[in-house]
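See below for the structure under consideration.
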Amino acid sequence: MLEKRARPGWRKIVKSSAKTLIVVEAILFGLSYAGWYRLNTNREFRYYVKENFPSVLEAYYQLGESLGGDKSIRLYDESIWQQEQQTKK
């Protein structure tokens with residue numbers, strides 16, 4: 001008759017850690033995609049990010065310029081925000 005051997009405990013720890021890591025990475029990817037999508041589609045959110053996290057907005061613009069090659073979103077946003085500031089005064 002074959003002897004049954006207990007599995008080493010480290011294998012179970014490695015498997016559960018790998019599963020946890022995959023789930024955490026999937027959640028973080030989903031959150032980063034949601035943030036990028038909101039930046040890409042919502043000018044008011046871009047203004048909020050400009051006021052509170054200017055380096056994030058600059059990175060967003062630079063990524064778009066390097067991939068797309070044009071500065072149309074940045075220029076459009078700046079012109080709209082300047083118009084809004086002039087109407088507030």
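The values are calculated or read from the model by the stated rules, or taken from the named source; none is laboratory data. Because the structure is a prediction, the values reported are computed rather than measured. In this analysis, Cβ positions are derived from the backbone assuming ideal geometry, glycine residues included, and neighbour counts consider all displayed protein chains. Areas reflect the complete protein model, heavy atoms only, side chains present, ligands, DNA and RNA absent. Shrake-Rupley method; radii C 1.70, N 1.55, O 1.52, S 1.80 Å.
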**Prompt:** Can you tell me which residues in the stretch 48-89 are among the aromatic types (Phe, Trp, Tyr) and either free of Cβ contacts under 8 Å to residues at least 24 places away in the same chain or under 22 Å from Ser32 (Cα atoms) (or both)?
**Reply:** Tyr48, Phe53, Tyr60, Tyr61, Tyr76
**Item:** Entirely in the stretch 27-89, the helices (runs of 4 or more DSSP H) that have 3 or more residues that are out of contact with any helix residue (DSSP H, G or I) (no Cβ under 7 Å at 6 or more places or on another chain) and of a type in the set (Lys, Arg)
**Value:** none
**Request:** Mind listing whichever residues of the stretch 67-89 are open to solvent by 70 Å² or more (accessible area, probe 1.4 Å) and at pLDDT 90 or above?
**Result:** Leu75, Tyr76, Glu78, Gln82, Gln83
